[in-house]
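Okay, so here's the structure we're looking at.
The values are calculated or read from the model by the stated rules, or taken from the named source; none is laboratory data. Keep in mind that what you see is a predicted model, and the values were worked out from it rather than measured. Note: ideal-geometry Cβ built from the backbone for every residue, glycine included; neighbour counts use all protein chains shown. Note: accessible area is taken over every heavy atom of the protein model, side chains too, but ligands, DNA and RNA are not part of it. Shrake-Rupley method; radii C 1.70, N 1.55, O 1.52, S 1.80 Å.
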Amino acid sequence: MTGKVAAANVCEQEPGIAQTAMAEIVHAILSPSEFDLFAEFGQERLLPQGDHLFHRGQPGDTMYVIVSGCIELDFGEDLLVKSLGPNEFFGELGLLIGDHPRSADARAVADSVVLELGNADFQRLVDRDPGLIAYFLRRTIMRVVSNEQVLIRQLRRRNHDLETALDNLYVTTHQLTHTRELVRTDELTGLHNRRGLALYLQECRSHDDGPPQGLLLIDCDRFKQVNDEYGHQAGDRVLQSVANILRSVASEQDMACRLGGDEFCLLLRSADQDTLQHAAEFILSAVHGLMDRAHGVPHVCPVSIGVRLLEPHTDWSEWYARADNALYQAKRLGGNRLHWSRAATVTP
């Protein structure tokens, strides 16, 4: 059984004395004496099941009292539908204010009879029994205030639900951002990994400044020896030290990346030969400084660096191949040094 059918069944039941007493203040229900007075001046109107008295937004200047049957008030949106039965009234704001937009659709859910009262009818009610009508108006005002309070509570609850939804959205967005960073970040060093590098290169294609201009390919010398002699924890500390040095060199537009194992790269967004030379020398100097301060277990090991100026019309595979060749030459010469790619500069 649907809610509307159940409500219609309730409407068919005559309200008892206790029910009427409980509903007098908040609910739009007339006392027997009020009903008799309204019936004396109101115009009876037959309303077959399914017919509408008025629609939401339509201006009105009459009120209605239900004699028999059941009238449904549909306020739209996700608000509750009200079903009214005998002795209940509605539409009084249209009568009291005049041409007041109806706040609901009013439809008969069963064959009904209603009393219709306009301004002239209501004035005769006032003249006949002003005390009774004053009490009726006082209850009507209290009902309007009560409905307003209910609406305020509903709005507060909606605001709370909205705030909760926004908080959940913020948490979800934060989690997605964190997950995205984890996907592109090397767990040990905090630098970008190969996926992060690929995404960076993809972003560069659509950037106004074009691709990066310089590449340093860095590889740790004798790293396996550190792992073998001092253990993998010492090896991890060496990789983290190299990562920290690269992070200190890179600007917000640059990319420091751990390619895998003990191999790193530094892509400089804006660079010329002097800039790359200075960056590579700084890395070597920082490594030497850490090595000089080490006592016992090493915190870093020497590095070899392949240096390459980049041509904008080529891609990563060619950049890497040229820089890797320079890195190989640096290692062949004993490591712990930088070596330029021959295609980038006349420097041997």
Hits in region 96-109 (condition: in contact with a helix residue (DSSP H, G or I) (Cβ under 6 Å, 6 or more places away or on another chain) and either more than 25 Å from residue 145 (Cβ to Cβ) or among the hydrophobic types (A, V, I, L, M, F, W, C) (or both)): 109
Filter result (crowded, with 18+ Cβ neighbours inside 10 Å and on the phi < 0 side of the Ramachandran plot) within region 75-89: 83, 84, 85, 86, 88, 89
So residue 104, is it open to solvent by less than 20 Å² (accessible area, probe 1.4 Å) and aliphatic (A, V, I, L, M): yes
Top-ranked residue in region 228-249 [being surrounded by 19 or more Cβ atoms within 10 Å (Cβ to Cβ) and under 37 Å from the mean Cα position of the chain (by Cα); ranked as farthest from residue 295 (Cα to Cα)]: 246
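Residue-wise test of (1) aromatic (Phe, Trp, Tyr); (2) more than 30 Å from the chain's Cα centre (by Cα); (3) more than 30 Å from residue 103 (Cβ to Cβ).
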position: 138; (1), (2), (3): no, yes, no
position: 143; (1), (2), (3): no, yes, no
position: 197; (1), (2), (3): no, no, yes
position: 206; (1), (2), (3): no, no, yes
position: 213; (1), (2), (3): no, yes, yes
Test: residue 60 is open to solvent by less than 20 Å² (accessible area, probe 1.4 Å), at pLDDT 70 or above and more than 20 Å from residue 147 (Cβ to Cβ): no
Residue that is touching an Asp or Glu at 6+ places or on another chain (Cβ under 8 Å) and part of a helix (DSSP H, G or I), where the choices are 246, 217, 239: 239
